[in-house]
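Let me begin by presenting the structure, written as structure tokens, before commenting on it.
The values are calculated or read from the model by the stated rules, or taken from the named source; none is laboratory data. This structure is a prediction, so every number in the text was calculated from the model and none was measured. Using ideal geometry, Cβ is built from the backbone for each residue, glycine included, and neighbour counts are taken over all protein chains shown. Only protein heavy atoms, including side chains, enter the accessible area calculation; ligands, DNA and RNA are left aside. Shrake-Rupley method; radii C 1.70, N 1.55, O 1.52, S 1.80 Å.
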Amino acid sequence: MLSRSKSNISEQKLVNYMTYLNYILEELTGLEYPKIIWLRIYFFLLLIPFIMLFAFHIILFGVLYFSSLLLNVYKKKNYLNGDYSSKLWDNGKQMVVCLWDLYGKLWHGYELHGVEKIPEGPALIVYYHGATPLDYLYFIARLCNQKGRLCHSVADHFTFKIPGIKLLLDLFGVMHGGREECVQILKNGHLLGVSPGGVREAFFSDENYNLLWGNRKGFAQVAIDAKVPIIPMFTQNLREGYRTLGKIWSFRWLYEYSRLPVVPLYGGFPVKFRTYIGDPIPYDPNITAAELAEKAKTAIQSLRDRHQKRPGNILRALLERFDKHQKGLSTRSL
């Protein structure tokens, strides 16, 4: 009897609230009650496209924070410290790798082609930056899951301001990275991933997949100093998964003025992702950083021109989830 009484009180409160809300809407719009109902339905229908466009962000950040939660629980359960090179972290790392690999398979049918071109030793992996680096996260997970290799990463300083993911970044070797630190990682025998286009390319490139590198050649100097090859990498349909509003001049002006990540992005469409790894650009002591940077840019553009139809099309990229013939390319898929 008591629970039913409480339920009746709650229902009465809800009815009173809805009646009060209807009264406010009638006063504001001048419409009668039946028309208010249709107005609500109309606004709800208008919101559906926006909900569909931005709801996928929740999924992405949900996977990100769930990964961080898994690692923190694992750390506490096993009484681990900050020595991330310890083998005691391997099982925790493997949990996260499997989670992201599964996410890539289910949501984007992710494929990695040409992994045999990555040398056993150190190398600098240079890639095109989409609106999000989701393809690069899939690449790290697939490489670690299949080959047992960890690829360290250079990320923008905005990445380190995302709350609650510090352990995840530290464990997978993500850093803001100066030149000396990058060279040392490579000299220690590791892989290192970098996108010369960075945030600018993420925000302001579009479905034509133009590389926005400017005069950046620091990454090339790192490869020369460390005496390692550069491995070009490009992901098909990356811009069809997520897109930005970078074409709107006001967002570009605001970014140039503030250098803040103020350009909205939308999407999360489950389009087909295929990452292609190109032929290594070997270390050459006689080449300049500017010349090497241009070689790397040309190599990525070549991968793009070979594997990406331009301008990109979201519907076409969605249909490619069911297109099997592209799996028969000359490069081997994992």
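Key figures for this structure:
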item: Condition check for LEU106: assigned to a helix (DSSP H, G or I) and more than 30 Å from PRO282 (Cβ to Cβ); result: yes
item: In the stretch 59-109, the residues that are open to solvent by less than 30 Å² (accessible area, probe 1.4 Å), more than 14 Å from the chain's Cα centre (by Cα) and under 21 Å from ALA317 (Cβ atoms); result: GLY109
item: Criterion (farther than 23 Å from LEU186 by Cβ and of a type in the set (A, V, I, L, M, F, W, C)) met by exactly one of LEU124, LEU80, LEU112; result: LEU80
item: The stretch 195-212, residues that are buried (at least 22 other Cβ atoms within 10 Å of the Cβ) and either under 15 Å from ALA296 (Cα atoms) or not assigned by the TED database to the domain that holds PRO264 (or both); result: SER195, PRO196, GLY197
item: In the stretch 137-170, the residues that are open to solvent by less than 10 Å² (accessible area, probe 1.4 Å) and modelled with pLDDT of 95 or more; result: TYR138, PHE139, ALA141, ARG142, LEU143, CYS151, SER153
item: Residue in the stretch 313-328 that is modelled with pLDDT of 95 or more, basic (Lys, Arg) and closer than 23 Å to TRP100 by Cβ present; result: no
item: The stretch 272-287, subset in contact with a strand residue (DSSP E or B) (Cβ under 9 Å, 6 or more places away or on another chain) and open to solvent by 80 Å² or more (accessible area, probe 1.4 Å), residue farthest from PRO122 (Cα to Cα); result: ASP279
item: Answer residue from the stretch 288-323, given it is surrounded by 14 or more Cβ atoms within 10 Å (Cβ to Cβ) and of a type in the set (Gly, Ala, Ser) and is farthest from VAL222 (Cα to Cα) among those; result: ALA317
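Rundown of residues vs (1) β-branched (Val, Ile, Thr); (2) open to solvent by less than 30 Å² (accessible area, probe 1.4 Å), yes/no style:
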position: LYS227; (1), (2): no, no
position: LEU238; (1), (2): no, yes
position: ARG243; (1), (2): no, no
position: PHE251; (1), (2): no, no
position: TYR255; (1), (2): no, yes
position: VAL263; (1), (2): yes, yes
position: GLY267; (1), (2): no, yes
